[in-house]
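Right, one structure below, let's go through it.
Any read-out appearing in this document is the output of simple, stated calculations on the displayed coordinates, not a laboratory observation. Predicted, not measured: the structure shown is a model, and the values here were computed from it. Counting neighbours? That spans all protein chains shown, and the Cβs are built from the backbone with ideal geometry, glycine included.
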Amino acid sequence: MAFTFVSSHFLGHSALCAVDGVKGGKVKGVNLGGWLDGAEVQLKSVSLNKYVSAKYGGGAGVFVDQDKADTWETFKLWRVAELEYQFRAVKGKFLSCAGQGASVFATSKSPSSNETFTIERSSFGRVILKHSSGRYLQASSKNELKADYVGKPGFTDGNAAIFNMTFVGNYLQGEFQLSNGHGRRNATKVLTEHRKSYITREDFQFLSRQHGINTVRIPVGWWIAKDPNPPAPYVGGSLATLDNAFKWAQEFRLKCIIDLHAAPGSQNGKDHSSSRDGSVDWPVSENIQQSLDTIEFLASRYGNNSALLGIDLLSEAHSPDVPFKTLQKYYDDGYNVVRKHSATAYVIMCQLISNNGADPDPAVLYKANTGRGKSNVVVDLHYYNLNPSIFNNMSLQENINYLYATRKTQINSLNVANGPLVFIGEWVNEFGRGKWSQKDYQKYGSAQLDVYGSASFGWAYWSFKNDVANNWSFKWIIDNNYLQLTAVRKATLQKIGIPIFALVVTIICVLGSIYLFKRYKTKREGLKGLHGVLKDLMKSKSTYNDTPDNSFKDGKTEGETQELQVFNFACLSNATNNFSLKNKLGEGGFGPVYKGQLQNEQEIAVKRLSKSSGQGIEEFKNEVVLISKLQHRNLVRLLGCGIQGKEYMLIYEFMPKGSLDAFLFVRTSFPPWLIHERTLATDPSKNAQLDWDKRFNIVGGIARGLLYLHRDSRLRVIRRDLNVSNILLDENLTPKISDFGMARIFGGDQIIAETNRVVGTFGYMSPEYIMGGKFSEKSDVFSFGVLILEIVSSKRNNSFYNPEQPSNLLLHTWKLWKEGKWSEVVDETLGDLYSPSEVIKCIQIGLLCVQNRAIDRPTMGEVDIMLTSETNRPSPKEPPYTSSDKADSGPTRCSSNYVTMTAVEGR
C-alpha cells in the first residue's frame with residue numbers, strides 16, 4: 001500500500017470552481033511509496049558453460065547452447081510453494097516437461113504439475129532443478145534440457161545437473177510480488193516494517209504542519225475487502241493501516257482520497273498493480289465484478305466518514321488490453337456504487353495508459369463523462385517527460401516548451417464549465433536523460449507547478465519517500481532545494497493589477513532590506529558564535545588560534561589551529577560543488593555526507609546537519625570535542641568544522657574506500673530461501689578485496705580503536721551505536737571508527753549510565769540497553785561481537801531471514817558452533833582460503849562478546865589479548881533473544897559509579 005499526501009500551497013491557477021471541503025480550493029499532493037523491480041533469473045550449465053535458452057519462444061525445445069544471456073535466456077519465477085516454482089519464458093509460455101526422461105519445452109500457458117520444479121540451492125549461486133516427476137534436469141550431450149538425471153546430483157563442477165542461477169532484477173515490487181516471493185510468513189514481516197516506515201502518524205503531522213497539507217491519497221489493493229484473511233498469496237494488515245490513515249487524517253484535519261491501485265488480474269501489468277509477471281487479466285466479468293465489490297466495501301465503510309474526499313475507481317488501465325468501452329462501463333457502474341453511500345464524494349476516473357508513453361487522448365474519457373447528470377466527477381491524468389524516447393535528447397528549454405505547448409494546452413481544453421474536474425495524479429521533477437544541475441531542476445519544477453497548477457482539481461507528486469531515485473522523492477527535492485513550491489513565476493506576476501503589483505514590490509523592497517540587514521548581522525553573530533563554541537570546546541587546548549572575525553575571507557579556510565581548522569560556508573560549498581548530488585557519499589543520523597576538494601587539492605568529507613535530522617548542536621559539539629581530543633590510527637580524523645547561521649558542518653579526512661558494509665553486504669529483497677546461505681557483496685569486486693587476512697586485520701583494528709576509547713585515551717568514551725556502516729576504510733583497508741555524535745564520556749570510576757531514550761541501530765544494541773536504557777563499555781563490546789560475526793560471515797544480523805534456521809545471525813552462529821560446524825559460518829566466497837585457527841578465534845570471541853549478561857562479556861582489553869595471543873578462551877554462553885529471562889543489567893548499581901542521563905535524542 002502507498003499513500004498520497006496532498007497540500008494546499010497556492011501556486012497560481014485558474015480554477016473554475018473550488019473543490020468542496022478542501023482548504024484553499026484545490027488539492028496539491030505527493031504519493032508515498034516505492035518498491036523496486038521484480039526478480040528474473042538466468043540459468044547457466046556448469047558442465048557446458050552455456051545458458052539455458054527458450055529461443056524463439058521455446059516451442060521447438062529448450063536448449064543449453066547460448067554463450068551469452070539475453071531475453072530468450074531470462075525466465076520469471078512463479079512461486080507455488082515454499083521451494084516449488086514455475087519458470088515463465090519471454091513469450092508467456094512456461095517451461096514444461098511430460099515426465100521422467102522427457103525433454104523440456106516452453107509450450108504451456110496454463111501451469112500445472114508438469115510445469116512445476118523444486119529449486120535446491122547450494123553455494124556460489126548453484127542450484128539443482130527437480131521436476132515434479134522426481135527426476136532432476138540436466139544438460140545432455142546434445143545440449144538438450146531433460147529430466148533424466150537418476151538420483152540426487154552432487155554439487156560438483158563436472159555434473160551436468162548443476163546450474164548457476166543469477167538474478168537479472170534486484171528487487172521485488174508490490175504486495176503480489178512481495179507475498180509471492182517471500183511467502184506469507186516473511187511477507188507479513190516485510191510489509192509490516194514497510195508500513196511502519198512509510199505510513200506513519202508522524203508523516204501526517206509533518207506534512208500538515210509544515211507543508212499546508214489538506215488531503216491524503218491512499219492507494220489500496222482489491223484484497224483489502226477480504227482483510228484480515230485475504231486470499232493467497234496476499235497477507236493481512238492493509239485495512240488496519242487504512243483505518244489508521246483516516247484516524248490520523250481526522251486528527252490533523254486532512255481529507256482522504258482512496259485509490260483502487262491494484263485490481264484483480266491487474267489492469268496494467270505493473271508489479272505494484274498486482275500483476276504477477278506483466279500480464280493484464282482484469283477485463284473479464286469476474287474481475288470487474290470483484291473490483292466493484294471492493295469499491296462497494298470501501299464506500300460503505302468510509303462513505304459517511306468526515307475525512308473522505310473521494311474514491312479513485314481504478315489506476316492506469318492499460319490500452320489496448322483494456323478496451324475503452326469496457327473501462328467506461330466500469331466507471332459508470334462504479335459511480336453508481338459510490339453514490340449509494342455518499343452523495344458528495346468525488347468519483348475519480350483515471351485515463352488509459354500505453355507502454356510507449358503515447359497515452360490515448362484523455363479528452364475521450366472526459367467527453368464521455370460530460371453532460372450526463374453526474375456530479376463531482378474528476379478525470380485523472382498522469383504526466384512524465386521521460387517516455388517515449390523523444391524526451392531523451394531534449395534540452396531544458398525544449399522540455400519546458402513542451403510542457404506549455406502540449407500539457408497546458410490539453411489541461412486548458414479540459415477546464416470547461418460543464419465537464420469533470422481535472423487532476424494531475426502523477427508527475428515528477430525529472431525529465432529526459434540528461435545530467436541537470438540544481439538550478440535546471442528548480443526551473444523545470446517551477447514550470448511544471450505553473451502548468452499543473454492550472455488543473456481544476458489539483459495535482460499529486462510521485463512520491464513523498466522513494467527508494468529508487470532522489471528526484472522522485474518529494475521530501476528529498478524539498479529538503480535539498482531542487483523544487484521551490486513558493487516560487488512565483490513571471491507569467492503569474494504579469495497577471496496582477498498594477499496597483500497591487502506596485503504595493504507588492506514596495507513590500508518586497510522593505511522586507512528585502514530588513515532581510516539583508518539581518519542576514520549580515522546573523523553572519524557576524526554566527527562567526528562570533530563559532531568562536532564561542534570553539535573556545536568552549538577547545539578551552540583545554542593551548543593550540544586554539546583566536547582569529548578575529550575579519551580574517552574570514554570567501555573561499556578560504558581561516559581560523560586555523562595546529563589540530564583543528566575552521567571552515568566558512570563558501571569554502572565548503574566550493575569544495576563540494578555546491579553540495580552537489582554527484583558529490584554525495586551517503587547519509588547518516590547527523591545528515592548527508594559530501595566529498596569535497598580544497599584549493600590545495602586535499603580531499604575531504606563534509607557532514608552537513610540535515611534540517612530533518614534528530615541530531616543537533618549538542619551532537620555537533622559532542623563530536624567535535626571528542627574527535628578533536630582523540631587521536632588514533634583506527635579513529636577517523638577530524639580536520640575542522642564550520643558554523644554559519646543554522647548551518648553546522650564537520651570536515652573529516654576523506655576515506656576513499658567508503659564504509660565496510662559496502663564490501664560485505666547486498667541490499668536485496670529476494671525471497672529469504674534464496675539468500676540465507678550467502679549474502680553477496682554489492683560489488684563482487686569489492687567483496688573479492690576482503691580476503692581473510694584483510695578481514696582479520698579489520699577486526700583487530702576495530703578492537704584497538706575501541707580499546708583506545710575505553711581505556712587508553714585521556715577520556716573514557718562509550719561509543720554507542722557501533723555498527724558496520726560507521727566503520728570507514730582508507731586506501732589500505734585500514735578500519736577507522738567514525739560518527740561520534742551519540743558517544744558519551746565516562747569520568748572517574750563510573751561504570752554504567754542510563755538514558756530514557758534509546759538510540760542506536762537494531763541488531764547491534766545490547767539487550768540491557770534496549771530493555772533498560774543502560775549502557776557501558778560492555779554495550780560497545782556487544783556491538784563489536786556482532787561486527788566480528790558479520791565480518792566473518794558477510795551476513796547482516798539485523799536482516800537475517802532463514803525460515804529453517806534461528807531468527808538472527810547470533811543464534812545461527814551459536815547453533816553451528818555448538819554442533820561443531822563453525823566452517824559453515826564463514827563467507828563462502830573465501831572458499832578454503834583462510835586460517836582455521838583465526839576463524840575459530842574470531843567466532844568464539846564474537847560469541848563471547850554477544851552473551852546475554854553484560855557481566856559475562858569480556859572487556860576490550862581482554863578481547864585484544866585473545867585476538868593477539870593464543871591464550872585460553874572461555875566457552876561462550878547462549879546469545880540473547882531465546883528465552884524469557886531478562887538481560888542482566890551488569891554491575892551493581894550504586895551512587896559512586898552510576899549516572900542517569902535524560903533527553904537523549906533518537907536517531
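Simple spin-label estimate for Lys109 and Glu193 gives 4.0 nm between the two label positions (7 Å along the Cα-to-Cβ direction from each Cα).
Relative contact order for segment 40-167: 26 percent, from Cα pairs under 8 Å spaced at least 6 residues apart, divided by residue count. For segment 62-77, 3J(HN,Hα) computed residue by residue from phi via the Karplus equation (6.51, -1.76, 1.60; θ = phi - 60°) reads 9, 10, 10, 9, 10, 6, 10, 9, 9, 4, 5, 9, 10, 10, 9, 8 Hz, glycine and proline entered as x. Take the Cα of Ala98, step 7 Å toward its Cβ, do the same at Lys877, and the gap between the two points is 6.6 nm.
Report the calculated FRET efficiency for Asp361 and Ser140 (r = Cβ-Cβ distance, R0 = 60 Å), to the nearest 0.05. Once the sixth-power term is evaluated, E becomes 0.65.
Sorting Met165, Met771, Met765, Met349 from the fewest to the most surrounding beta carbons within 10 angstrom yields Met771, Met165, Met765, Met349.
Estimated at 0.36 nm per residue, the fully extended path between Asp332 and Thr868 surpasses their Cα-Cα distance by 185.3 nm. Taking amide H positions as modeled 1.01 Å from N, with prolines and chain starts lacking one, the residues under 5 Å from Leu314 and 5 or more places away or on another chain are Leu260, Cys350.
Once the Cβ-Cβ distance of Ile390 and Ser437 is raised to the sixth power relative to R0 = 22 Å, the FRET efficiency obtained is 0.45.
Available extension along the chain between Ile745 and Arg209 is 189.3 nm, counting 0.36 nm per residue and deducting the alpha carbon span.
Spin-label model, Asn244/Gln602: points 7 Å from Cα along the beta carbon direction are separated by 4.8 nm. Taking a threshold of 31 Å on the Cα-Cα distance, which of the pairs Lys76/Lys367; Lys196/Lys226; Lys91/Lys367 fall above it? Check vs 31 Å cut-off fails for Lys76/Lys367; Lys91/Lys367. In terms of the mean number of neighbouring beta-carbon atoms within 10 Å, the peptides 724-735, 843-854, 593-604 order highest first as 843-854, 724-735, 593-604.
Residue separation of Val510 and Leu48 scaled by 0.36 nm, minus their Cα-Cα distance, works out to 158.4 nm of gained length.
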